[in-house]
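Colleague: Here it is: the structure, laid out below.
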Amino acid sequence: MRKKTALFIITILICIVSLTACSSTEQFFVFGTFLDVTIDGISSSKLVGQINNYMVGLEEVLSPTIEGSDLYKINNAKAGEAIHCGEDTMALFAVAETLHKLTDGAYDPTIYPLVRLWNFSGDKFSHVEGKTPPTDDAISNALRLVGFDKVFAIDHVAGTVTKKQGYDNAMVDFGGMAKGYAVDKAMDSLDKKALINLGGNIGAIGKDYTIGIGNPRESVTAYYGSFTLCQGQLISTSGDYERCFFHEGERYHHILNPATGKPSNSGLISVSIVCSDGAVGDALSTAVMVLGAEKGKEVVARISSVLGLDISAILIFSDLSFEVVGQIDFVKKA
Amino acid sequence: MKNKLFKDIFKKGDILIAVVLIVAVVLTAVFATRTEESFVEIYVDGHLAYQLDLDADIVVDLADTIHKIDLVVEVKDGMVKVTESNCPDKLCVHSSAVSSAGGMIICLPNKVVVKVTPKEVDAIS
Ligand SMILES: [Zn+2]
């Protein structure tokens, strides 16, 4: 009898705990941004910690600024030196190859020397006043190192990446893809109802969530509009308002056009991509910013059909009007 | 007599269960009816350090409570912003003020997140 009572009390206590602590939100810092994970269920804080540890592990392989990472080794290698890379790195090189081709070069991770020249890389960017854009000479010099297909030889069988002759100073960074990839991979390991948000790269698991799109121009950080992110889907947003500076009244932002080496100027100021592949969505949001609405929509359709992916997009133009591509219930905030 | 009858019907363990059940009901009621005001949450290194009412003006200097983080958060007229910070990049100080519509101000060097979650959306991309 006593045992039974004790069991019953424990059951009730568990019920209380699950009622009062039914949702746990925790934040961590990884990939140069914040990780915000909300999981329904009682064992959540342990799982949140696991997701964070997983992402820290990925960052140690993929960050170009962490000594000993795959990308650090590639960037510091000489031409002809084959660098052996891990599974995740090779997976991202594969996606990058595909997207570089399908976006006509608008997505190009070898733009990294220019990102550094403009001081837009995570380790260099600051909001200290008095910044100036680099000179045209410096830009055209750095542009010689840009071109994913001309700079690297990728061997997927051997799992190696090699700089081609003449490109000793070439550098690669998957900054525009790694966060979406990380959220996507973390989603695969969860069977709970959860929302993973890695610096605006958001994935919904087991449940639909309402997601706001950041307002690109409002002085108050309100959101522009919202839509339902269905379970299994991810959203990535790129905008000219995230990392930017002003010089002589002009905005210079971090989405660089690989063709010009300068910030994209396509009439789009924010692009959100919704699909079930985090790496593709993350890279595509950048590419469509560069391509503009017309070309961007063509590329979205092309990638949809080639990769067999359902892709939706929310485009915001410089006059703050918007356009929705695909099947999402986006509503502009009144 | 009455007491004996009571004891006959309810065993010690049952009373305990009853107490636990009442506590459970009360807690559920409290959490279910918790008012949905707009809160400002200040996270430091992933942990919730402050929860402030967005409608009550206040200035919080993190240096008062957390060593080495000299960052000032100000809540005024239903908006929150970072007014001072000892970080090198000053991204947080240049971030827009956040209203009850929701948003976040992040200071990466200090690992500080000032967050207002709007009621209508779960997250912002
Ligand atoms: Zn700061």
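Rule-based calculations on the coordinates, nothing more; no lab input. What you see is a predicted model; the values in this text were computed from it and never measured. Cβ placement follows ideal geometry from the backbone for every residue including glycine, while neighbour counts extend to all protein chains displayed.
Colleague: How do B:D14, A:D184 rank when sorted from fewest to most other Cβ atoms within 10 Å of their own Cβ?
Modeller: B:D14, A:D184
Colleague: Under 15 Å Cα-Cα from A:K185, which aspartates and glutamates qualify once same-chain neighbours fewer than 8 residues away are excluded?
Modeller: In chain and number order, the partners are A:E59, A:E87, A:D88, A:D277, A:D282.
Colleague: Quick one: dipole size for chain A, taken about the Cα centre, charges +1 on Lys/Arg Cβ and -1 on Asp/Glu Cβ, in debye to the nearest 20.
Modeller: Dipole about the Cα centre, nearest 20: 860 debye.
Colleague: On a 0 to 90 degree scale, rounded to 10, what angle separates helix A:293-307 from the longest Cα axis of chain A?
Modeller: That helix lies at roughly 60 degrees to the long axis.
Colleague: Calculate how steeply helix A:2-20 sits against the longest principal axis of the alpha-carbon atoms of chain A, using the helix alpha-carbon long axis, and give the answer as 0 to 90 degrees to the nearest 10.
Modeller: 40
Colleague: For q values of 0.12 Å⁻¹, compute log₁₀ I(q)/I(0) with the Debye formula on a Cα-only model of segment B:38-118, without solvent.
Modeller: -0.27
Colleague: To continue, here is another question. Express the relative contact order of segment A:152-251 as a whole percentage, based on alpha carbon pairs under 8 Å and six or more residues apart in sequence.
Modeller: Reported as a whole number, the value is 18 percent.
Colleague: Angle check, please: helix A:178-188 long axis (alpha carbons) against the longest principal axis of chain A (alpha carbons), in degrees 0 to 90, nearest 10.
Modeller: 30
Colleague: Counting alpha carbon pairs within less than 8 Å and at least 6 residues apart, what relative contact order, in whole percent, applies to segment B:38-118?
Modeller: Rounded, it is 29 percent for segment B:38-118.
Colleague: Taking square-rooted eigenvalues a ≥ b ≥ c of the alpha carbon gyration tensor, is segment A:228-334 rounded, prolate or oblate, where a/c under 1.5 means rounded and, failing that, a/b exceeding b/c means prolate?
Modeller: Since a/c reaches 1.5 and a/b is larger than b/c, the shape of segment A:228-334 is classed as prolate.
Colleague: If you line up the Cα atoms of segment A:141-260 on their principal axes, what length do they span on each, largest first, in Å?
Modeller: 49, 49, 15
Colleague: Could you tell me the relative contact order of chain A? Use alpha-carbon pairs under 8 Å, at least six residues apart, and round to a whole percent.
Modeller: This gives 15 percent for chain A.
Colleague: Anyone know which of A:T135, A:T110, A:T237 comes out most mobile in the 10 Å Cα GNM of chain A?
Modeller: A:T135
Colleague: Further, regarding this structure: Just the Kirkwood number for chain A, please: inverse of mean 1/r across all distinct Cα pairs, in Å, one decimal.
Modeller: Every distinct Cα pair counted, the radius reaches 21.1 Å.
Colleague: Compute the distance from the alpha-carbon center of segment B:53-98 to that of segment A:309-330, in whole Å.
Modeller: Spelled out, the Cα-based centre of one part sits 34 Å from the other.
Colleague: What is the fewest-to-most order of B:E120, B:E74 by other Cβ atoms lying within 10 Å of their Cβ?
Modeller: In order of increasing Cβ crowding within 10 Å: B:E120, B:E74.
Colleague: If r is the Cβ-Cβ distance from A:K164 to B:K11 and R0 is 60 Å, what FRET efficiency results, to the nearest 0.05?
Modeller: FRET efficiency, A:K164 to B:K11: 0.15.
Colleague: Find out how many positive minus negative residues lie around A:I303, taking Lys and Arg as positive, Asp and Glu as negative, among other residues whose Cβ is under 15 Å from that of A:I303.
Modeller: Summing Lys/Arg as +1 and Asp/Glu as -1 gives -2.
Colleague: Considering the alpha-carbon set of segment A:47-192 alone, what are its Rg and its Dmax in angstrom?
Modeller: My reading of the Cα-based Rg and Dmax gives 16.2, 53 Å.
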